[in-house]
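The values are calculated or read from the model by the stated rules, or taken from the named source; none is laboratory data. The structure displayed is predicted, hence computed values, not measured ones. Please note: Cβ atoms are built from the backbone with ideal geometry, for glycine as well, and neighbour counts cover all protein chains shown. Note: accessible area is taken over every heavy atom of the protein model, side chains too, but ligands, DNA and RNA are not part of it. Shrake-Rupley method; radii C 1.70, N 1.55, O 1.52, S 1.80 Å.
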Amino acid sequence: MRVLKYVILGLLNRRQSSGYDITSQFKEEIGQFWSAKHSQIYPELKKLVEEGLIQYETQIQGVRLEKKVYTITEEGKHELYQWVTALSPLPETEKDTFMLKMYFIHTMSKKEARVLFQDQFKLRQHKLQGLKSREAELQKAFGATIRFNHPDLGHYLVLSKAIAREQSYVNWLEENMKLFG
Ligand code: FER
């Protein structure tokens, strides 16, 4: 499935953007929870134009600079809608090399296992702190309660899910640390 296609349609459905704007939004927000190569954005934009799902207008910037500003077409909106409302299957199991190593824990000493466990604890805690401060920033922006029609609701949902997941990971590490004590 061409997921990047829907990422681009979703972003353009919010606002018209240049390829550069799409790439930065992809890197700064979506790339945080969805891994994909953004090197494919420009070829995908070209394909979407050919398919009539998006269109562009060339804007002049300064003396010699031109940029293409993309907008979504009605057909594009329809395809985005079809995709976004279709049910999602369970995702493939996450590739967590640390867990794979834990599966083979008897290959190492208790002390070595403790080093890996403590390192993972530090990394996950750091990640959790980062997510929590991002959430705090977002909460400041939307005030007291976030409702269905708030433009940040999607960002908030993805972020709060990531926090719940990392918190549970940290708790699990903490609870099992005693096995290596
Ligand atoms: C964000 C920072 C992190 C964000 C999502 C995440 C949607 C999610 C990270 C993860 O799932 O690990 O700003 O915005």
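Of note:
- Listed by first and then second residue, the pairs linking a residue in region 21-36 that is farther than 20 Å from residue 128 by Cβ to a residue that is open to solvent by 30 Å² or more (accessible area, probe 1.4 Å), with Cβ atoms under 6 Å apart and 6 or more places separating them unless they lie on different chains, are 23/38; 26/38.
- Residues of region 1-56 satisfying the condition of being basic (Lys, Arg) and closer than 18 Å to residue 72 by Cα: 2, 5, 14, 15, 46, 47
- One residue alone among 74, 50, 57 is surrounded by 10 or more Cβ atoms within 10 Å (Cβ to Cβ) and not small (Gly, Ala, Ser), and that residue is 57.
- Restricting region 110-133 to residues that are open to solvent by 50 Å² or more (accessible area, probe 1.4 Å) and not charged (D, E, K, R), the residue that is farthest from residue 163 (Cα to Cα): 115
- Taking the listed residues 88, 39, the one that is surrounded by fewer than 17 Cβ atoms within 10 Å (Cβ to Cβ), among the hydroxyl-bearing types (Ser, Thr, Tyr) and within 16 Å of the ligand (Cβ to nearest atom) is 88, with no other qualifying.
- Residue tally, condition surrounded by 14 or more Cβ atoms within 10 Å (Cβ to Cβ) and at pLDDT below 90, over region 160-181: 1
- Some residue of region 62-69 being charged (D, E, K, R), within 30 Å of residue 128 (Cβ to Cβ) and either exposed (fewer than 13 other Cβ atoms within 10 Å of the Cβ) or within 25 Å of the chain's Cα centre (by Cα) (or both): no
- Options 115, 63, 49, 69: the member that is touching a residue at least 40 places away in the same chain (Cβ under 8 Å), more than 16 Å from the ligand (Cβ to nearest atom) and on the phi < 0 side of the Ramachandran plot: 69
- Subset of region 118-159 [within 16 Å of the ligand (Cβ to nearest atom), at pLDDT 95 or above and among the polar types (S, T, N, Q)]: 120, 125, 129, 133
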